[in-house]
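Structure first, then comments.
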């Protein structure tokens, strides 16, 4: 039917010109007549999608902004990580939540220490835990990926893995881990320590054996898309980062500063936790000061490094946030080791651990409450930040911008008292060094009361950063560590559309943010405001931030490219169809119904 | 100096007439001349204060409303409980928080079981615990008073003791309890089980031995003041009560219904906790239904009794609120006993306890989240309420008013789904019994999101009850069980004026309540709203409720008389000085400076 074939070719050409995109066409031929049944934009891999969009814009078929609007920001994520070889065979044994993208294979280990030992011997390992805690951080660094049987998209393992760009499958409930026998069961399958498994953080699949992966390919199109996104977006994109590796990664991905340095993460590794524990377990001021001095030196060094990497871009350092008991283990055996390492009697560790125990740690003695009751910790941290600023200010070409951020504020008076301590320290360091440096003091807005009191807080705070993880927890009265027990059923029953820890609840949490933005800026005109919760990397939440008038979003390093694209799309959308149409040669017509041609 | 004495008598007479109150006068005589230095209203006991106010009003010296405004509502509390004989000698060994008024002496016991055993043998006992949990409820009932070494004014022990009208000294940190040796130490003093101690819940003092007490004297003046208060107040006063004893006590104190029945309290006692645990540990539907049927019978009986006592006054029954793990103990030994009692393998108890464990129980799988995931529990409770209403409706003169209250709501959809279950049950029971009864379905507003979404919730809810305990916890991000670690320092440093769990935070939590009242009534005109947190018995918070336009406050039975007086004062204040002045023969002049007469 060469006549019909030509006719089909013409229609295809016309449709693809019309829609300015590759089409997936359905048709039928009946009694020698061509009927077009359906046409839709053809599916493609992330890599192809970027290439096509860039090519079409370069050929003038679509505008740059149209090219950007066509790309789903989450596509980008797949480009940044290894993926499973689509041709490889796989034996899926379980499925969990796709908690951090990428695929990885390795030998199963059940403890962070074992992960470190094996990886030092050259093995690739997958860390399998019921759930992870800050104590496991060295194991997460050593492993290729992590699998947990409990916890959701915002569990410790998921958040840390996304931050590191490691694949993570979380909350795989069918997998029954037995630490004592170093094995896990899933149905009839038993997997022992040292056996190979593969996890896919995009699908949540857990597979037996090693499935081959394909490395990420950051093609030229990726760079082009990013540079176009930067032309259109109005919000800044910063990164949440503590380690030099993360900060460098984020910089490579185009972040414009660090929006959140979680200083506590700096205290969990290696010898640092020993000094931290000595500080917590100190019996008198001399002991405590000695421990604080050790911490000061480490913290200053860390922050100096971050200032250097950021090279003049702002770095927001948050004061110590978690409750102190997170630094003290709870089993007798571990407490014994802590006592030995810290050089204190076991009984003191036991007593202190029991004193520090909390019914609801999330709502406990943490955040600025620590800085109020232990002003010496706040002073040490402020000093570390400012000494680092002085240090880098002397030697680097670009002067660092230090932003000190106070967490978990609920009343103006907390901020008044802590700002005094921070400013006094800044002045003292400036005097000691005989130099000035740039710094700002701001606050997290992560409690409903802080949002409501934003007008008053803005009298003291020079910037706001919305901590939407905690703000979601308190606004909903919902612990993200415990929500896994009922959130899936809530979704299934249509009570929530999506996990509010993944995409911002715009009605509830969002209203508090709007109130805070409005009251804060009424009190301090043009006040800088951003978001540094996990939502900072979620496209729908980024669109909300744009609408609400925030100045920046801050997210995990591996979400930075996604946030850049999402911010551009948000800006384009908020400029309305006008901008889109003006930059297009012809407006896109409405969908047409098809009859025989 | 008889001349000067006469002069002084004249001045005294003039001053007391002028201020219409007994005066505490300071004067000096120099060189034969009388100088008046200061005058102020004289201090008096609670008992005398009421008598004087009533006498003066009856004599026409002051108006009824003036008499009411003169009385501090908290004075009333002292009248309702035994007090220490002021002449008796006392050996104070420690001081804690004055967590529940009244004084009591008894033999020290260290466990709830021991309290029950000894009190059954005719001993009066004081229960001493590091802290109490719902498991100790039978011990709290059996004891004359309770002393805890941990926890604040709103710890479990404090709240339960106030509800029962038992004295409580909480958070006496100097007292070091050693359960294993059944003794406590404070300084050099060691007190063993069976030794006599006395506690004073008004001062927080702990004393060695038995200090004699004076029983409460509810004089005629008390009744007069209460009836006058009822003339002026506009808000209703209800009680939080579950047991018949509490409900009767509250009725005696003049409550106008029950604002909060915490159904979970009905599941902790005696054989009930066994049925509750069987329900939680059930391995299949048949087992679970059998346990639920047992609970249904008990619950129906309890609620029937409450309806009978309230005799036509409304009774608001809240659905199960705490997370299920509160019903399962955590030590191996206790789990063994539970397994035996519930007739299930120990391993299942262990596994279920570990499954139910939560990082932040306050923000966990509780409230309506339980009713959503276990609709059969919601159905059982609704059935118990409605069968009780039908039962009492048939036999009593006055028909009961059943209000079903859904806790911890954060989204409209939760309420939509649960209201369906509750209404279907109501219709079914009405059909089965061939009769109609009055019921309403409403919701707690105890999460910031619920307050913000009040307009939508009011589409479904027929009444709101503000759960200000949880609303304070979430608005501040502050666990009341853990706040003790830093709240005292916060007060000392002037960051908070008072414990926000004792007196409502009007700026933060209060704004959310105002928002909810406004949005709720905009959506459902004239909607009935009340408060059922601990704040319902706090005079300053009651004044806030009056200003905000709430219809009722609900508080512990022993706070009902206080709330009646405070509500009258709030109404008088909000009517402004006008009402006060109109009802007074002469306006009270401003303070005068004194010279020689």
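Assorted remarks:
- So residue A:494, is it on the phi < 0 side of the Ramachandran plot and in the same structural domain as residue A:406 (by the TED database): no
- Matching entry among B:122, B:106 (being assigned to a strand (DSSP E or B), farther than 15 Å from residue B:270 by Cβ and either within 20 Å of the chain's Cα centre (by Cα) or in the same structural domain as residue B:191 (by the TED database) (or both)): B:106
- Residues of the range B:484-511 classified as under 18 Å from residue A:408 (Cβ atoms) and within 8 Å of another protein chain (Cβ to nearest Cβ), total: 11
- Restricting attention to the range B:402-426 and to residues that are closer than 13 Å to residue B:463 by Cβ and either within 12 Å of chain A (Cβ to nearest Cβ) or modelled with pLDDT under 95 (or both), the residue that is surrounded by the fewest Cβ atoms within 10 Å (Cβ to Cβ) turns out to be B:415.
- Of the listed requirements (1) buried (at least 17 other Cβ atoms within 10 Å of the Cβ); (2) outside the structural domain of residue A:483 (by the TED database); (3) modelled with pLDDT of 95 or more, residue A:161 misses just one: (3).
- Of the residues contained in the range A:519-529, one or more are found to be surrounded by fewer than 24 Cβ atoms within 10 Å (Cβ to Cβ), within 14 Å of chain B (Cβ to nearest Cβ), modelled with pLDDT of 95 or more and out of contact with any strand residue (DSSP E or B) (no Cβ under 9 Å at 6 or more places or on another chain).
- Unique match (being away from chain A (no Cβ under 14 Å), buried (at least 24 other Cβ atoms within 10 Å of the Cβ) and farther than 24 Å from residue B:71 by Cβ) among B:532, B:555: B:532
- Single residue of B:127, B:140, B:147 found to be assigned to a strand (DSSP E or B) and without any contact (Cβ under 8 Å) to a residue 40 or more places away in the chain: B:127
- Residue tally, condition in a helix (DSSP H, G or I) and without any contact (Cβ under 8 Å) to a residue 60 or more places away in the chain, over the range A:482-517: 10
- Residue satisfying condition, being over 22 Å from residue B:473 (Cα atoms) and over 28 Å from the mean Cα position of the chain (by Cα), within set A:502, A:416: A:416
- Residue under evaluation residue B:479, criteria (1) more than 8 Å from chain A (Cβ to nearest Cβ); (2) touching a residue at least 40 places away in the same chain (Cβ under 8 Å); (3) in a loop (DSSP other than H, G, I, E, B), criterion not met: (1)
- In the range A:440-464, residue farthest from the other protein chains (Cβ to nearest Cβ) [restricted to those that are in contact with a helix residue (DSSP H, G or I) (Cβ under 8 Å, 6 or more places away or on another chain) and surrounded by fewer than 23 Cβ atoms within 10 Å (Cβ to Cβ)]: A:441
- Given (1) within 27 Å of the chain's Cα centre (by Cα); (2) more than 10 Å from chain A (Cβ to nearest Cβ), index of the condition residue B:390 fails: (1)
- Yes/no for residue A:287 being part of a helix (DSSP H, G or I) and under 29 Å from residue A:329 (Cα atoms): yes
The values are calculated or read from the model by the stated rules, or taken from the named source; none is laboratory data. Bear in mind that the values here come from a model prediction, so they are computed numbers and not experimental data. Here Cβ is always computed from backbone atoms with ideal geometry, including for glycine, and neighbour counts include all displayed protein chains.
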